Every structure is written in structure tokens, then in C-alpha cells.
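Below is one structure, written out as C-alpha cells; the observations come after it.
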Amino acid sequence: MGGRTGAARETIGGPRPAPAPVGQQAQEDGERPREQDETGDDDEREAAAHALGKLGIIEPQMIRGILPKLVEVLEFSKEASCGGVLFALGAIGLHYPNEVADLVPRLISYLDSGHPNAVKNAIAALGNIGSSTPDAVRDAIPMIRKHLESPDLDVKMNAKVALGRLGDPAGM
């Protein structure tokens, strides 16, 4: 009976062809190959950045190697899809604020981006960094306060929490 099963598999399924090289199937289907997409896959970048941020917390000795990669991804991400990197920087900033303090001006620049995902994660990152080094983010407090009036609930909530971490009365 064992021989029949193997024969049936060959007859029904036949030999499987080797997988097409990346991009070839898309060309055959009339789509643009993924490898030629100059913007890259922002969802994958965001997920990778989240993972790098978590890795930086779990394995602190890796932070110095992770930070340059996060900054690099941040440079090539659209504002609307950089939330993962900002999240990762905030996660690292909560535990190792001195490692990301130099990035505070860049984080502040996202507060007016108009993209809720970027704004909420930049606010959270600033709150995390400022929880142990408040002077590093002092200039951001007025901008964070403005987001208490945001129509986006996540942005508003992150602003309240960040201001609380910074000791600002608006966050109490």
C-alpha cells in the first residue's frame, strides 16, 4: 500500500517546477517585480524596526549596532510608515535614554508631520527618553501639549502619558 501512495502523489501532483526567481512571476503576471520597487515594503520595514527595538531592550549590548540601522531605516521611510522605527527608538529610550538623546531633534520634527502613526510614536519616544533625562526633551513639551487636542485618540493619549512622564501638569 505504501508504494501506491507514492505513485498516486506522482500522478496527481506531478513533479513540482523549481520556484521562479524573485520578480519573474510578477513580470509574467504583468505586475511590477518586487525587487524593482524603489520604495521598498514599508510594512516590512516597520515590523523589522519594532523587532529591532524589542531586541535592543532584551539584548542591551546590541543597542550600538541596532541604532545606526534604525536611523538608516528612518531616513528611507515615508513619514506615514516610520512609526515602527519611532516606536523602537522610544522603547530603547525608555531603558537607555542616553543612547538615543542625540535623536531628540529628529523626533521633535515628526510632531508636526500630520501622520498620526508617526506623531503618536514620536510623542511616546520623547516621553520615554524624557522620563529619565527631562532636560533632553524640554523643548518638545509645548509641541506635545498641542497634541492634547488631537482628534486622534492614540495621539491624544500618548501626549497625556508623555507629559505625565515629563512632570508637566497637563499630563497629570
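Close Cβ contacts (under 8 Å, 6 or more residues apart or on different chains) running from residues in region 129-142 that are surrounded by 15 or more Cβ atoms within 10 Å (Cβ to Cβ) to residues that are not in a helix (DSSP H, G or I) comprise 130/166; 131/166; 134/166; 134/167; 137/166; 141/166; 141/168.
Of all positions in region 78-90, none carries a residue that is free of Cβ contacts under 8 Å to residues at least 60 places away in the same chain, surrounded by 18 or more Cβ atoms within 10 Å (Cβ to Cβ) and more than 12 Å from the chain's Cα centre (by Cα). Every condition in (1) closer than 16 Å to residue 74 by Cβ; (2) in contact with a Lys or Arg (Cβ under 9 Å, 6 or more places away or on another chain) holds for residue 108 except the one numbered (2). Applying the set (1) farther than 16 Å from residue 46 by Cα; (2) surrounded by fewer than 23 Cβ atoms within 10 Å (Cβ to Cβ) to residue 116 leaves exactly one unmet item: (1).
For region 56-73, which residues satisfy the criterion of being more than 15 Å from residue 44 (Cβ to Cβ), of a type in the set (A, V, I, L, M, F, W, C) and either loosely packed, with under 13 Cβ neighbours inside 10 Å or in contact (Cβ under 8 Å) with a residue 24 or more places away in the chain (or both)?
57, 58, 63, 66, 67, 71
Here, each number is a calculation from the coordinates, and none is a lab measurement. Quick caveat: nothing in here was measured; it's all calculated off a predicted structure. Every residue, glycine as well, gets a Cβ built from its backbone with ideal geometry; the counts of neighbours run over all protein chains shown.
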